[in-house]
2 protein chains.
Amino acid sequence: MKSPLLERLIDDLRVLPGVGPKSAQRMAFQLLERNRDGGLRLAETLAEAMAGIGHCRRCRNYSEHERCAVCSSSGRDRQQLCVVESPIDLSAIEQATGYRGDYFVLHGRLSAIDGRGPRELGMELLEANLDGGQVREMIIATNATVEGEATAHYLAGIARRHGINASRLAHGVPLGGELEFVDRGTLALAFGSRQSL
Amino acid sequence: MKSPLLERLIDDLRVLPGVGPKSAQRMAFQLLERNRDGGLRLAETLAEAMAGIGHCRRCRNYSEHERCAVCSSSGRDRQQLCVVESPIDLSAIEQATGYRGDYFVLHGRLSAIDGRGPRELGMELLEANLDGGQVREMIIATNATVEGEATAHYLAGIARRHGINASRLAHGVPLGGELEFVDRGTLALAFGSRQSL
């Protein structure tokens, strides 16, 4: 017998990925018991973010302004353009690599089943950006899945039409990966594209 | 390079227990990508709950009204009173047992170090409830820790002064527990309080 408002809070917390009934309950009680200010702050930021964060008009990355932080920065190399499937991929590349060029976010991949074609992925905006003539290299960083590969193929075609070099992230055995546990497809690919020392 | 509002959302999500930087990021991106409505609803409920949920005036359980759901229910047995340390313990007992009596929530346990005495735990309100004369049995369900035991001892004293039977949850080997892995203290206690078949 919980208060209806408390029940509702526990229910609504479950929109968060990875949060089931038990952890939602723990979250609700912990916030009420120890950190109501933090809870109120989260409520405010959440409302502001859900309503205010849209897509950058240049690269489709998340942004609450017309231009995202990358596009409005003066310290980025405009000759390189890295195309990713989602903003979380962009964030992973920013954190892991020293890349300082521009990005373009597809928000998905080509998928006939889900009805996502070039238009849904903003390919027209991408081509318009390339028409500007600044970009020299397109780094295609879509996922290494069947649909990601198809999307990469399509992007390579766009690059070719604009006379731009296209490159793709290297595939192979992950660092620290033991051959025994690497899946067959990756192993075959890594074997085939072995590099001379 | 994330948008400042997105950074703030990821930061603020970390007030939730068990949420580190990685899962906060995943939560923020997932809400933005797939469930903005759910995010907005969560923001609203969170704000309402943090500001609106207080303590029941009779038993100190969480409630957005003067009386909690248990205290205002007509289907509970007013002769039994179960005293717990926290609302989450109350919730666990409600879910696991068929108990249909009243509760009293201490919101803590006696602790000299943390400066929590009888006044902080609402013992005056508890005694006032007992003065009503309806309660016949006090079930003491504080945790089986040193401080929980001290609190149970104190509560038993109150019960005695009011001429009420006091009982304590049984201690012993958990169901499904293998003796090999049960801690020494529990095993010694279970051995000492063995029950005849």
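The values are calculated or read from the model by the stated rules, or taken from the named source; none is laboratory data. Keep in mind that this is a model prediction, so the values were computed, not measured. Here Cβ is always computed from backbone atoms with ideal geometry, including for glycine, and neighbour counts include all displayed protein chains.
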Worksheet item: Which one of these does B:Val135 not meet: (1) surrounded by 17 or more Cβ atoms within 10 Å (Cβ to Cβ); (2) touching a residue at least 40 places away in the same chain (Cβ under 8 Å); (3) within 24 Å of A:Glu33 (Cβ to Cβ)?
Response: (3)
Worksheet entry | Condition met for B:Thr186 (outside the structural domain of B:Ala69 (by TED's automatic domain parsing) and among the hydroxyl-bearing types (Ser, Thr, Tyr)) | yes
Worksheet item: Which residue, of A:Ser74, A:Ser23, A:Ser86, A:Ser111, is more than 10 Å from chain B (Cβ to nearest Cβ) and within 27 Å of B:Asp37 (Cβ to Cβ)?
Response: A:Ser111
Worksheet item: Which residue out of B:Gly148, B:Gly122 is in contact (Cβ under 8 Å) with a residue 60 or more places away in the chain and touching an Asp or Glu at 6+ places or on another chain (Cβ under 8 Å)?
Response: B:Gly148
Worksheet entry | Search result, residues across the stretch A:95-129 that are β-branched (Val, Ile, Thr) and not in a strand (DSSP E or B) | A:Thr97, A:Ile113
Item to complete: Please identify the pairs in which a residue from the stretch A:184-197 that is more than 16 Å from A:Arg168 (Cα to Cα) has its Cβ atom under 8 Å from the Cβ atom of a residue that is surrounded by 11 or more Cβ atoms within 10 Å (Cβ to Cβ), counting only partners at least 6 apart or on another chain.
Response: A:Leu187/A:Val173
Item to complete: For the stretch A:33-44, indicate whether the set of residues that are facing chain B (nearest Cβ under 7 Å) and in contact (Cβ under 8 Å) with a residue 12 or more places away in the chain is non-empty.
Response: no
Response to the item:
Those residues of the stretch B:151-172 which are in contact (Cβ under 8 Å) with a residue 40 or more places away in the chain and under 19 Å from B:Asn61 (Cα atoms) amount to B:Thr151, B:Leu155
Worksheet item: Are any of the residues in the stretch B:55-70 within 30 Å of B:Thr186 (Cα to Cα), within 13 Å of chain A (Cβ to nearest Cβ) and surrounded by fewer than 20 Cβ atoms within 10 Å (Cβ to Cβ)?
Response: no
